[in-house]
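The next block holds one structure in the form of structure tokens; read it before the comments.
The values are calculated or read from the model by the stated rules, or taken from the named source; none is laboratory data. Computed from a prediction, not measured in an experiment: that's the story for all the values here. Note that each Cβ is placed from the backbone with ideal geometry, even for glycine, and that neighbours are counted across all protein chains shown.
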Amino acid sequence: MSLPTKQKQWLVAGTDKGFNGLFFQDAAVPKPGDNEVLVRLHGASLNYRDLLIPRGEYIFPLDLPVVGGSDGAGEIVAVGPKVTKWRPGDRVVTLFNQGHQSGPVDVKASRTGLGGMLDGTLRQYGVFSQDGVVHMPKNLDYVEAATLTCAALTSWNALYGLKPLKKGETVLVQGTGGVSLFALQFAKAAGATVIATTSSAKKAETLKKLGADHVINYRENPNWGEAARKLTPNGEGVEHVIEVGGEGTMTQSLHAIKMEGVISVIGLLTGAKPKDNIMDTLARVCTVRGVYVGSREQLEEMVRAIEQHDIHPVVDETVFTLEKVREAYEYMWAQKHFGKIGIKIE
């Protein structure tokens, strides 16, 4: 099969123009090096991180200009001469930090993020290390699979990376973003109880349909952390909190957590200056842990669980095309989505 020489891609040019710093352009189709694979991308997905980068609000290293997006799924169409793991026709999902293969993340691996330090997935063709992709779940389509790279793996790492979730434990998830919904699905598959928060009666019904055992409206009950604690056995608290809010939610997360529980800090949707003191971790006897996505080994474990339990990501009903990526950024920034934002790449 002859491959094209040109493709379309979205370039993040800088951090001073917001979404106007995204450029849809023609580019050469890259050629795989000795240990690399060329992937024809069919699906991509956005994360909150993708919005922060062109706005100049991302806290991790960048190497701009860069092709945006970390999340992608597609078909391998060519391999380098020293590639041993893959062959053309294999369907794969991208690894967020290409250098994070197993174990804890380190500084070197943290500087290999797609769409930040390395060219990402908002394009038709991408070259990746043969260790920078994993087999795509057999039960998902390309757009569904493309949502796994960042949000899903972050949730998996939060639940299994430090103190693995056990059957019968309780998980508290905040809101209806991608990370929280994946955590809900993974927790229910593990036999855990899930308490979810939202501000919308409509979203509450959807959360229940996805398996949430309890839903708390945080606008109606601002002390939702205490309310969540009361829903646990003997009122002792939850074993895991998926903390995506930051400044506006950490106090309640601390109220909800069980002794020796883990609060996994994943996002800063409400700001980065919480009112709590670090010594509150001693008063609560808990662990507060920052989570930066996960390793290839964890991604492979997660894919097996997704296949075993036939888990399907929650993808917003509006799926964008590659040409409409800027509109997808604006749609997400306006918080019009429920679950992950999918992008179909032709």
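Of the residues making up region 220-243, those that are farther than 19 Å from VAL285 by Cβ and in contact with a helix residue (DSSP H, G or I) (Cβ under 6 Å, 6 or more places away or on another chain) are ASN221, TRP224, ILE242.
Got a sec? Which of GLU307, GLU327 is acidic (Asp, Glu) and outside the structural domain of GLN25 (by TED's automatic domain parsing)? Lay out the reasoning, then the answer.
Values: GLU327 fails: outside the structural domain of GLN25 (by TED's automatic domain parsing).
Of the residues listed, the single one that is acidic (Asp, Glu) and outside the structural domain of GLN25 (by TED's automatic domain parsing) is GLU307.
May I ask you to verify whether GLU75 is outside any loop (DSSP other than H, G, I, E, B) and within 15 Å of the chain's Cα centre (by Cα)? In short, no. Only residues that are touching a strand residue (DSSP E or B) at 6+ places or on another chain (Cβ under 9 Å) and modelled with pLDDT of 95 or more were counted across region 317-339, and they come to 14.
Only one of the listed residues (LYS202, LYS208, LYS163) is of a type outside the set (A, V, I, L, M), in a loop (DSSP other than H, G, I, E, B) and surrounded by fewer than 18 Cβ atoms within 10 Å (Cβ to Cβ). That residue is LYS163.
Working carefully through the options PRO30, PRO61, find the one that is touching a strand residue (DSSP E or B) at 6+ places or on another chain (Cβ under 6 Å) and part of a loop (DSSP other than H, G, I, E, B). Every option except PRO30 fails the conditions. For region 179-186, the condition holds for at least one residue, the condition being that it is part of a helix (DSSP H, G or I), within 18 Å of ASN47 (Cα to Cα) and free of Cβ contacts under 8 Å to residues at least 40 places away in the same chain. Note on region 125-160: among residues that are touching a Gly at 6+ places or on another chain (Cβ under 9 Å) and part of a loop (DSSP other than H, G, I, E, B), the one that is farthest from SER102 (Cα to Cα) is ASP141.
Looking for whichever is under 16 Å from the mean Cα position of the chain (by Cα) and either closer than 24 Å to GLY290 by Cα or of a type in the set (S, T, N, Q) (or both) here; the options are LEU184, LEU118, LEU172, LEU165. Which one fits?
On the way: LEU118 fails: under 16 Å from the mean Cα position of the chain (by Cα); LEU172 fails: under 16 Å from the mean Cα position of the chain (by Cα); LEU165 fails: under 16 Å from the mean Cα position of the chain (by Cα).
Exactly one residue qualifies, and that residue is LEU184.
Is region 200-219 home to any residue that is among the basic types (Lys, Arg) and either touching a residue at least 24 places away in the same chain (Cβ under 8 Å) or touching a helix residue (DSSP H, G or I) at 6+ places or on another chain (Cβ under 6 Å) (or both)? So far as region 200-219 goes, yes, one or more of its residues are among the basic types (Lys, Arg) and either touching a residue at least 24 places away in the same chain (Cβ under 8 Å) or touching a helix residue (DSSP H, G or I) at 6+ places or on another chain (Cβ under 6 Å) (or both).
Of all the numbered requirements in (1) in contact with a Ser or Thr (Cβ under 9 Å, 6 or more places away or on another chain); (2) in contact (Cβ under 8 Å) with a residue 40 or more places away in the chain; (3) under 15 Å from GLY294 (Cα atoms); (4) part of a loop (DSSP other than H, G, I, E, B), PRO104 misses one, and that requirement is (2). Within region 39-53, residues that are free of Cβ contacts under 8 Å to residues at least 24 places away in the same chain reach partners that are surrounded by fewer than 24 Cβ atoms within 10 Å (Cβ to Cβ) with beta carbons closer than 7 Å, at six or more positions or on different chains, in the pairs LEU52/TYR58. In the set (1) modelled with pLDDT of 95 or more; (2) under 22 Å from GLY261 (Cβ atoms), PHE128 fails one condition alone, (2).
Is at least one residue of region 87-94 within 20 Å of TYR292 (Cα to Cα), touching a residue at least 24 places away in the same chain (Cβ under 8 Å), hydrophobic (A, V, I, L, M, F, W, C) and crowded, with 19+ Cβ neighbours inside 10 Å?
At the first step, the residues of region 87-94 found to be within 20 Å of TYR292 (Cα to Cα) are 93-94.
The next check asks that each one be touching a residue at least 24 places away in the same chain (Cβ under 8 Å); those that pass are 93-94.
Among the residues that remain, those that are also hydrophobic (A, V, I, L, M, F, W, C) are: 93.
Filter again for crowded, with 19+ Cβ neighbours inside 10 Å, leaving 93.
The answer is yes, given that some residue of region 87-94 is within 20 Å of TYR292 (Cα to Cα), touching a residue at least 24 places away in the same chain (Cβ under 8 Å), hydrophobic (A, V, I, L, M, F, W, C) and crowded, with 19+ Cβ neighbours inside 10 Å.
Set side by side, the residues GLU323, GLU317, GLU297 differ, and just one is part of a helix (DSSP H, G or I), under 19 Å from the mean Cα position of the chain (by Cα) and not polar (S, T, N, Q), which is GLU297.
Only one entry of GLU239, GLU220, GLU247, GLU226 meets the criterion of being exposed (fewer than 13 other Cβ atoms within 10 Å of the Cβ) and either closer than 26 Å to ASP106 by Cα or acidic (Asp, Glu) (or both), and that entry is GLU220. Considering only region 261-287, state which residues are surrounded by fewer than 21 Cβ atoms within 10 Å (Cβ to Cβ), touching a residue at least 40 places away in the same chain (Cβ under 8 Å) and outside any loop (DSSP other than H, G, I, E, B). Hit for region 261-287 is THR287, nothing else.
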